[in-house]
1. Go over the candidates Ile148, Ile114, Ile130 one by one and state the one that is in contact (Cβ under 8 Å) with a residue 12 or more places away in the chain, assigned to a loop (DSSP other than H, G, I, E, B) and crowded, with 17+ Cβ neighbours inside 10 Å.
2. Can Ser125 be described as in contact (Cβ under 8 Å) with a residue 60 or more places away in the chain, assigned to a helix (DSSP H, G or I) and farther than 30 Å from Ala175 by Cβ?
3. Could you check how many residues of the range 36-81 are farther than 30 Å from Val141 by Cα and assigned to a helix (DSSP H, G or I)?
4. Ser125 - would you say it is open to solvent by 50 Å² or more (accessible area, probe 1.4 Å) and hydroxyl-bearing (Ser, Thr, Tyr)?
5. Working only within the range 151-180, note down all residues that are open to solvent by 70 Å² or more (accessible area, probe 1.4 Å) and at pLDDT 80 or above.
6. In the range 74-104, which residues are free of Cβ contacts under 8 Å to residues at least 40 places away in the same chain, open to solvent by 30 Å² or more (accessible area, probe 1.4 Å) and under 30 Å from Asn169 (Cβ atoms)?
Amino acid sequence: LVMALAPLVAAEEAGALASADANALVSATAVAPSADGSVTPRDRLRNFREGVQEAREDVSDARDEVRDAREDVEASRERLREAVRARIGVTINRARGLIARLHKLVDKLESYGISTTELEADLSSAETNINSAEGKYGESVREAAKLIRAAVMDLKEFRADLRASIKANRETIVASVQARRDARNAEREDSDEDNAEATASTEANADTTS
């Protein structure tokens, strides 16, 4: 942005210098006598008019440079705004995916019989801020960024609460995981026994038929 503003500043200075030169030229031509007395008043008037015309052209050129510089600065600002909006859109989508995965984690902890009230509150707050950011980033990039930072703080709070919950309920979690593992093993053994009985029955029927 500083680099983009440099042409604008330089053009403004050029315009000011051109105007100053024109004023100085008018003043000098009006009062300066001829050096050798050979220059006629008509020559002096012609020189004066030519000098004024050149000064006007310099001022016009400087104004054109100022206008072009302003347009370049505005275009740069717009490109920057569009880039930031695109980045915010990507961040919002990633945050939504993360929150969805964390909701599944909370559901799993709840299935272990662990209280997840604080964790759900953290995610709810983060989700609210992300939704608000999505509604704002088309209008105000600064406001959207502020809401995203608030959502990040919510997720940091979630991480701290999650660690505390796991630490406090480690035994419960281990017992629940072991119980589910035992249940799956039991189901597998029952299924194997059922398959063995079915195979034996089929073979017995085959022998009887023979």
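1. The match here is Ile114.
2. no
3. Residues that pass the stated criteria total 25.
4. no
5. Within the range 151-180, Met153, Lys156, Glu157, Arg159, Arg163, Lys167, Ala168, Arg170, Glu171, Val174, Gln178 qualify.
6. Selection gives Arg94, Arg96, Ala100, Arg101, His103, Lys104.
Results for (1) of a type in the set (A, V, I, L, M, F, W, C); (2) at pLDDT below 75, shown as yes or no for each residue.
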position	(1), (2)
Ser34	no, yes
Arg42	no, no
Ala86	yes, no
Ala100	yes, no
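The values are calculated or read from the model by the stated rules, or taken from the named source; none is laboratory data. Keep in mind that what you see is a predicted model, and the values were worked out from it rather than measured. Cβ: placed from backbone, ideal geometry, glycine included. Neighbour counts: every protein chain shown. The accessibility values were calculated without ligands, DNA or RNA, using every heavy atom of the protein model including side chains. Shrake-Rupley method; radii C 1.70, N 1.55, O 1.52, S 1.80 Å.
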